[in-house]
Amino acid sequence: MKRLIRFGISGACGLTVNLGIFQLSYVLGVPYLISSIAGLSGSTGVGFVLQKYWTFGDRTQGATHWQFAGYVAVMLMNLVLNTWLVYGFVEWLKLYPLFAQALGAGVVALNSFLIYHQLIFKSVAEDVVKAES
């Protein structure tokens, strides 16, 4: 449960960066889908550092490049998913773009947690669970 709470807090930080970039670029006249991509991309570095070191407590350095590559692969998959969701929410459901971006980010967050926990930071997650037992 502690990890899920930390994931939520880390996600809130990432979402703040994501929505801040999105809203700033959107207000400056950048089309909403480009703003969506910029928001999600901009929050990647913040998210990786918080997830690796704080949420999953991974202090190891040896696999960091592989973890980051996996993290970026998940981010790219989520970029496609998020863009598709935002487009559908705005064009088909007629939602306001910022609200659509927040909903898309929520779906992406759930998807991310499951993949990070099961694949990217799995060995660390298993070690923490054993230590807490």
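Coordinate-derived values only; no laboratory data. Because the structure is predicted, anything quoted here is derived from the model rather than measured. Here Cβ is always computed from backbone atoms with ideal geometry, including for glycine, and neighbour counts include all displayed protein chains.
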For the chain, what's the radius of gyration and Dmax over Cα atoms, in angstrom?
15.5, 52
What is the fewest-to-most order of 54, 66 by other Cβ atoms lying within 10 Å of their Cβ?
66, 54
Could you work out the relative contact order of segment 2-132? I mean the mean sequence separation of Cα pairs under 8 Å and 6+ apart, divided by the number of residues, in percent.
27 percent
Over segment 59-125, relative contact order from alpha-carbon pairs under 8 Å, at least 6 apart, %
35 percent
In debye, nearest 20, what is the charge dipole magnitude of the chain about its Cα centre with +1 on Lys and Arg Cβ and -1 on Asp and Glu Cβ, if you could check?
180 debye
C-alpha center-to-center spacing [segment 67-99, segment 9-50] in angstrom:
11 Å
Which of rounded, prolate or oblate describes segment 11-85 when judged by the alpha-carbon gyration tensor and an a/c cut-off of 1.5?
prolate
Estimated distance in nm for a label pair at residue 59 and residue 13, the labels positioned 7 Å out from Cα along Cα-to-Cβ
1.7 nm
Fewest-first sequence of 41, 25, 112, 36 by Cβ atoms within 10 Å of each Cβ:
41, 25, 112, 36
In range of the label at residue 84: residues from segment 96-110 whose backbone nitrogen is under 17 Å from the point 7 Å along Cα→Cβ
101, 103-110
Simple spin-label estimate for residue 23/residue 95, 7 Å along Cα→Cβ, in nm, reads 1.7 nm
The answer for the chain, counting only DSSP H helices whose Cα atoms cover 30 angstrom or more along the axis and whose Kyte-Doolittle average is -1.0 or greater, is 2-27, 64-87
Using r as the Cβ-Cβ distance of residue 41 and residue 114, and R0 as 22 Å, what FRET efficiency do you calculate, to the nearest 0.05?
0.55
